[in-house]
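Worksheet for the structure shown next.
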Amino acid sequence: MKLSDLDYPLPKKLIAQRPLARRDASRLLVVDRSSDSLVDRSFSDIPDYFNEGDVLVLNDTKVFPARIIGKKKKTDGKIDLLLLRPYSKPVLGDPDEMMSAAEAEEFATRKIWRCLIQPSLKEGQEIVFDEENAEAVFLKRDHEGIPLVEFKNVGDVTAFAHRRGTMPLPPYIKREADRTDEETYQTIFAEKEGAVAAPTAGLHFTKELLDKIRKKGVEILMVTLHVGEGTFKPIEDLEKHKMHSEIFELSQTAAEKINQARKDKRKIWAVGTTTLRVLETCVQDKKLVAGQGETDLFIQEPFEFEAADHLVTNFHLPKTTLLLLVSAFMGEDLRKKAYQHAIAQKYRFYSYGDAMLIL
């Protein structure tokens, strides 16, 4: 596969800027890999495709208001911060970044976060906020090139974000986040806070829809993957691309239930590329093994999927690892056919857009 195979022309008017009034009113393109067929449905029709005994796996990560606006201390120039996660002793990476136990203990008392900063700052430059005495300083970049920012006089940084921050909408949504996004850019089953982007395939589900699926005898399980900033990063070189890492968790209960379902030849449904990455990360010797940590699993053709039979996913940006994963799951030719159909039929694309079911 060439990088150009992951590119496609998309009219800007098809990029959804706001969600529909009802989550399950979005369209659903049903793709059957066994027949190469495409069927246009509504997402509210998705229970029709489940059978008794199937297992539906969702990502219960929760987006936090990670975007905070500050000012340069001396010039009052606007600074846009995107909080990623607290910085701690690296487990992998540049040996120069590793700390002794004493250094790590001292470091943990400091409120240092990995952040994205716009515009870029020089080391030592300070940022101030509207809250009295609240400030931050850009320390340096870590071994992955991510800026490290130390917060001062803010108490708990996550609590500070909840007071001062807004939802970090993706860059292709050309508007400021408002209060409605606090609800709509969050799945109804979001529970474990830590993501800076929503697992968007899950946005289409409503309580009523999940109840209908349960009534068909389907078991619903949760995994966690905190979606990071790398989810939107385009691939520049397929051979040299370094997959971003994200924090995940698969419980012992979920692993055992999925393993039993597979043993019984029941179907496993993964909602979103994030859920699928967790499941495939945890495959060992043809079985799922519970675990938690960071995954940088880079899925591309050829790849033998062992953990899921069906995938629910949104339409993804060109030249991204998400599109590459989908292409690996359904085949590149069928993926191109499906995307061409979706564009011709004016499906809505990306985070607040429509969905695809790959059977």
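Laboratory data are not the source of any read-out in this text; all were calculated from the coordinates shown. These numbers were taken from a predicted model, which means no experiment stands behind them. No Cβ is skipped: glycine too gets one built from the backbone with ideal geometry, and neighbour counts run over all protein chains shown.
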Task: Mean separation of Cα contacts under 8 Å (6+ apart) over length of the chain, as relative contact order % - done: 25
Task: the chain: proportion of alpha-carbon pairs further apart than 33 angstrom, % - done: 31
Task: Gaussian network model of the chain, Cα within-10 Å springs - most flexible of Ser44, Ser88, Ser245 - done: Ser88
Open item on the list: As a footprinting exposure proxy, order Tyr87, Tyr8 by other Cβ within 10 Å, with the fewest listed first.
Closed with: Tyr8, Tyr87
TODO: Determine ³J(HN,Hα), in whole Hz, for all residues of the stretch 241-257 in sequence, where each value follows from phi through the Karplus function 6.51 cos²θ - 1.76 cosθ + 1.60 and θ = phi - 60°; x replaces Gly and Pro.
DONE: 4, 9, 5, 5, 9, 9, 7, 9, 8, 10, 6, 4, 4, 5, 4, 5, 5
Open item on the list: Using just the Cα positions, wrap the stretch 142-295 in a convex hull and report its mean projected area in square nanometres, one decimal place.
Closed with: 12.5
Open item on the list: Greater than 32 Å separation of Cα atoms is the criterion. Which listed pairs, Lys267/Lys337; Lys2/Lys346; Lys111/Lys287; Lys152/Lys240, meet it?
Closed with: Lys111/Lys287; Lys152/Lys240
Open item on the list: Using each residue's phi in the stretch 302-317, evaluate 6.51 cos²θ - 1.76 cosθ + 1.60 at θ = phi - 60° and report the 3J(HN,Hα) Karplus result to the nearest Hz, with x for Gly and Pro.
Closed with: x, 9, 8, 6, 10, 10, 9, 9, 10, 9, 9, 8, 8, 8, 10, 4
TODO: Count neighbours as other Cβ atoms within 10 Å of each site's Cβ, and list the trypsin sites (Lys or Arg not before Pro) in the stretch 120-151 that are DSSP loop with at most 10 such neighbours.
DONE: Lys122
Open item on the list: Helix-only estimate, please: 222 nm mean residue ellipticity of the chain, summing -39500 (n - 2.57) across DSSP H runs of length 4 or more and dividing by its residues, to the nearest 500.
Closed with: -6000 deg cm²/dmol
TODO: Note down the nm distance, to one decimal, between modelled labels 7 Å out along Cα→Cβ at Lys346 and at Ser120.
DONE: 4.2
Open item on the list: Running a GNM on the chain with Cα contacts under 10 Å, which residue among Lys257, Lys212, Lys74 ends up with the highest mean-square fluctuation?
Closed with: Lys74
Task: P(r) weight above 16 Å for the stretch 225-274, C-alpha pairs, percent - done: 59
- [ ] Please give the helix 321-330 orientation as an angle from the longest Cα principal axis of the chain, in degrees from 0 to 90, rounded to the nearest 10.
- [x] 10
Open item on the list: Springs between alpha-carbon pairs under 10 angstrom, Gaussian network model over the chain: which of Thr313, Thr253, Thr273 fluctuates most?
Closed with: Thr253
- [ ] Determine which lysines satisfy two conditions relative to Lys207: a Cα distance under 21 Å, and not lying fewer than 8 residues away in the same chain.
- [x] Lys62, Lys192, Lys215, Lys216
Task: Paired Rg and Dmax values of the stretch 1-79, which use every Cα atom, in angstrom - done: 20.8, 64
Task: Shape parameters for the stretch 115-163, alpha-carbon atoms, Rg then Dmax in Å - done: 11.2, 33
TODO: Taking GluC sites (Glu not before Pro) as candidate sites, keep only those in a DSSP loop with at most 16 other Cβ atoms within 10 Å, then name the longest stretch of the chain containing none of them.
DONE: 53-122
